[in-house]
Amino acid sequence: MIKKLDGYVIKTFFGPFLFIFSVLFFIFVVNIIWIRLAQFTGKGLSYWEILKLLSYLSAIVVQLVLPLTILLSSIMTFGDFGERYELAAMKAAGISLTRIMLPLFFTTLFFALLLFVFSNNVVPDFQRKAKNMLYNIAATKPALNFTPGQFIQQIPGYSVKFDKISGESGENLTGVFIHKMATSFEDQQSIVAETGKFVPAVNPNYLKLVLFNGHVYEDQLTGADYNQRLKQPDQAIKFDTLVSHFNISDIINKAIEAEKITDDYSFQNILQLNKTIKETKKSNENILNNMNYELVSQANSYVTYIDNTKLKKTITPPPKVDTIKQKRKNEMLYSAYNKIENIKLSTLGKDPQIKDMHAYFSRVIMHQQRIVSYSVTCIIFFLIGSSLGSIIRKGGLGLPVVIAIVVFILFYLLNLSAENIAWSGGMDPYLAAWLPNLVLLPFGIWLTYKALTDSQLFDIEKYKALFKPIIARFSKNKEHTRYR
């Protein structure tokens, strides 16, 4: 019977889990599309390339979607049990709430381990592919996006400029200038036209451009001897309509997933990040030591000079000194003070560099620690969700959703605030990575204790009874005078 009960609890949990995970994953992916919309549109990307890029970018989303899904699913599952009085029936049969939560606890533990493996092995690989794909899109695909009034050399072998671009797809052109990029030993050619239009080519490896009312200017430097070229003036050919094809196969066929970026810390697993942290720490220490040595070596001679020129107390009157020597001495002393002030200013100028070093070091540490901390978050969210569900005894998408959103917003704000403080140097990055869990864990344990002891935590009547004496003291007596 216990095995059937465990199977029923897990089956009830997986219903809302799959639905909620799908919805939340879709919402987060839509957010990614909205943020990176400008990088997708107008780049000549195929639907398959866009889907592949989105799959790479959405991998990091799982780290936040899975804990939130566990939180909301556990609230709904135990809320449904309480609302249908199934929880009361189980307890009446002698099954404790701890035993009821046990199968889902192990299920959550499995998801936590799965998230750790996914974050440690899959996410770094997908991050590398996504970042390289975005870089390659930015480097190759803008060849079909022209900026009006600027010379662009993204079409291989040509430099082009359009005064005005119009039309829904930017196909209509005004003020066209095309210059063939040739060496001094090749034929020179320039095309000038009043208007033009991009037309789809039969071969997708070519860009077809139809020009209207213009001239072709040519200076032939090959195919004849020097004397014949001297006799032949530059050619200017007028045309009403000219069709030109430009070979862009080098751009289209260029590997969009070629991995040119390989040294980012987000591409590494937890063991590789240990090595990166050690190397970064050592590099930062060397830079700081060099800064200190430079500052000390610059200031040491001036500080020594100032110390040696300080007046010493004496009971005998000072001897007469040469005013010229004293004046020079004062000038040197003043110069030494100025040098020290300049060194102090130069030290302040290095503050941004030091802050950037610390921010990068903190990011690497927090990225490593979150591979583990997000897995622990799954367990904490289960404790909170299952306890709240058994206490409020409300299923569905009403109150459980509101409570889950509030808890997740609290977690997200703590996560974001700790991250910003750690980057600025106000908090240890290890503490910042674990701070949301450290704050929510006592709350989860307290809620679990309340659920195990059948606490009426959300019973409104209980709170009304608590404040009833206070309310009665300040309320007017509504009893009719004849009953007094």
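The values are calculated or read from the model by the stated rules, or taken from the named source; none is laboratory data. Being a predicted model, the structure only gives us computed values, none of them experimental. Glycine gets a Cβ as well: all are built from the backbone with ideal geometry, and neighbour counts include every protein chain shown. Protein only, heavy atoms only, side chains kept; ligands, DNA and RNA dropped before computing areas. Shrake-Rupley method; radii C 1.70, N 1.55, O 1.52, S 1.80 Å.
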Legend entry - Residue check for LEU57: in contact (Cβ under 8 Å) with a residue 40 or more places away in the chain and under 23 Å from ILE379 (Cβ atoms): no
Legend entry - Scan of segment 187-218 for residues that are of a type in the set (Ser, Thr, Tyr) and open to solvent by less than 50 Å² (accessible area, probe 1.4 Å), ordered by number: SER190
Inset, instruction - Could you identify the single residue in THR107, THR98 that is surrounded by 15 or more Cβ atoms within 10 Å (Cβ to Cβ) and modelled with pLDDT of 85 or more? - result: THR107
Inset, instruction - State yes or no: is PHE411 at pLDDT 80 or above, within 24 Å of the chain's Cα centre (by Cα) and among the hydrophobic types (A, V, I, L, M, F, W, C)? - result: yes
Inset, instruction - Return the only residue of ALA182, ALA255 being part of a loop (DSSP other than H, G, I, E, B) and either at pLDDT below 70 or open to solvent by 80 Å² or more (accessible area, probe 1.4 Å) (or both). - result: ALA255
Legend entry - Criterion (closer than 21 Å to GLU86 by Cβ, assigned to a helix (DSSP H, G or I) and β-branched (Val, Ile, Thr)) met by exactly one of ILE403, ILE379: ILE403
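Results for (1) touching a strand residue (DSSP E or B) at 6+ places or on another chain (Cβ under 8 Å); (2) open to solvent by less than 30 Å² (accessible area, probe 1.4 Å); (3) at pLDDT 85 or above, shown as yes or no for each residue.
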{"position": "LYS355", "(1), (2), (3)": "no, no, no"}
{"position": "ARG370", "(1), (2), (3)": "no, no, yes"}
{"position": "ILE380", "(1), (2), (3)": "no, yes, yes"}
{"position": "PRO400", "(1), (2), (3)": "no, yes, no"}
Inset, instruction - Starting from segment 354-365, keep only residues that are closer than 19 Å to TRP434 by Cβ and polar (S, T, N, Q), then list their pairs with residues that are open to solvent by less than 60 Å² (accessible area, probe 1.4 Å) and part of a helix (DSSP H, G or I) whose Cβ atoms are within a distance under 9 Å, requiring at least 6 positions of separation or different chains. - result: SER362/GLU419; SER362/ALA422; SER362/PRO429; SER362/ALA432
